[in-house]
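Novice: Sharing a structure below in structure tokens format, with a few things to ask.
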Amino acid sequence: MFALSPEGLERVKKEMRRYETKQSAIIPALYIAQQENNGWISDEVIDYLSRVMEIPAAQINEVFKFYTMFNQKPVGRYHVQVCGTLSCHVNGAPELIEFLCRHLGVKLDEMTADGKFTISRVECLGSCGTAPMMQVNDTYYENLTPEKALQILKNLP
Ligand code: FES
């Protein structure tokens, strides 16, 4: 049964106090819950947030399904999100994604057997001037080549 830690719950309550309507706190609440649920949001997490925030689960679910930053299934310890939007696309994102998937032996959105990585293609991450780029958990890596990106992943503990 999912439940936030006392600190996580306090963070959600603080977000709810910050806004005029509690619905405005759905995004930060999902973000906090995802951090505490190994990087993804399950139905159980939605139900829990619904109870704690007193917001219908359907409303939370709508927000959850709209944003790609929320994961609908378990991801690796390192979630590698490669931007595939225009600037990154024309600067080599498709080759970068293909290279990483081939070297890690996974398909897109699949977790490596050791649970360490999941490679995803995402929409613009706002770093178009340094394309192609990827976000690994909360860190941006920019001006990548496939080899450079793989080396970054290999250097992660
Ligand atoms: S197009 Fe890739 S960060 Fe904007």
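The values are calculated or read from the model by the stated rules, or taken from the named source; none is laboratory data. Keep in mind the model is a prediction, meaning the values are calculated, not measured. Heads up, the Cβs are rebuilt from the backbone with ideal geometry, glycines too, and the neighbour counts pull from every protein chain shown.
Novice: Yes or no: Arg102 surrounded by 13 or more Cβ atoms within 10 Å (Cβ to Cβ) and closer than 30 Å to Lys148 by Cα?
Specialist: No: the conditions fail for Arg102.
Novice: Would you point out which residue out of Gln35, Gln81 is within 16 Å of the ligand (Cβ to nearest atom) and either closer than 18 Å to Cys124 by Cα or in contact with a helix residue (DSSP H, G or I) (Cβ under 8 Å, 6 or more places away or on another chain) (or both)?
Specialist: Criteria check complete, one pass: Gln81.
Novice: Residue under question is Lys107, and the condition is that it be within 14 Å of the chain's Cα centre (by Cα) and surrounded by fewer than 16 Cβ atoms within 10 Å (Cβ to Cβ); does it hold?
Specialist: Numbers: within 14 Å of the chain's Cα centre (by Cα): no; surrounded by fewer than 16 Cβ atoms within 10 Å (Cβ to Cβ): yes.
Answer is no for this residue.
Novice: Among the residues that make up the range 63-76, is at least one of them touching a helix residue (DSSP H, G or I) at 6+ places or on another chain (Cβ under 7 Å), in a helix (DSSP H, G or I) and closer than 26 Å to Arg11 by Cα?
Specialist: Scanning the range 63-76 turns up at least one residue that is touching a helix residue (DSSP H, G or I) at 6+ places or on another chain (Cβ under 7 Å), in a helix (DSSP H, G or I) and closer than 26 Å to Arg11 by Cα.
Novice: Given the residues Ala149, Ala93, which is the only one that is within 15 Å of the ligand (Cβ to nearest atom), in contact with a strand residue (DSSP E or B) (Cβ under 8 Å, 6 or more places away or on another chain) and either closer than 19 Å to Arg77 by Cβ or assigned by TED's automatic domain parsing to the domain that holds Asn37 (or both)?
Specialist: Ala149
Novice: Are any residues in the range 1-20 surrounded by 12 or more Cβ atoms within 10 Å (Cβ to Cβ), not in a loop (DSSP other than H, G, I, E, B) and not charged (D, E, K, R), and if so, which ones?
Specialist: Answer for the range 1-20, where residues must be surrounded by 12 or more Cβ atoms within 10 Å (Cβ to Cβ), not in a loop (DSSP other than H, G, I, E, B) and not charged (D, E, K, R): Gly8, Leu9, Val12, Met16.
Novice: Could you go through the range 68-79 and let me know if any residue there is aliphatic (A, V, I, L, M), under 15 Å from the mean Cα position of the chain (by Cα) and more than 28 Å from Ser24 (Cα to Cα).
Specialist: no
Novice: Go through the residues of the range 137-152 one by one and say whether even a single one is surrounded by 17 or more Cβ atoms within 10 Å (Cβ to Cβ) and within 13 Å of the chain's Cα centre (by Cα).
Specialist: No, that holds for no residue.
Novice: Restricting attention to the range 112-132, which residues are outside any strand (DSSP E or B) and of a type in the set (A, V, I, L, M, F, W, C)?
Specialist: Listed by number, the residues that qualify are Ala113, Cys124, Leu125, Cys128, Ala131.
Novice: Can you pull out every residue in the range 21-39 that is surrounded by fewer than 16 Cβ atoms within 10 Å (Cβ to Cβ) and in a loop (DSSP other than H, G, I, E, B)?
Specialist: Thr21, Asn38, listed by residue number.
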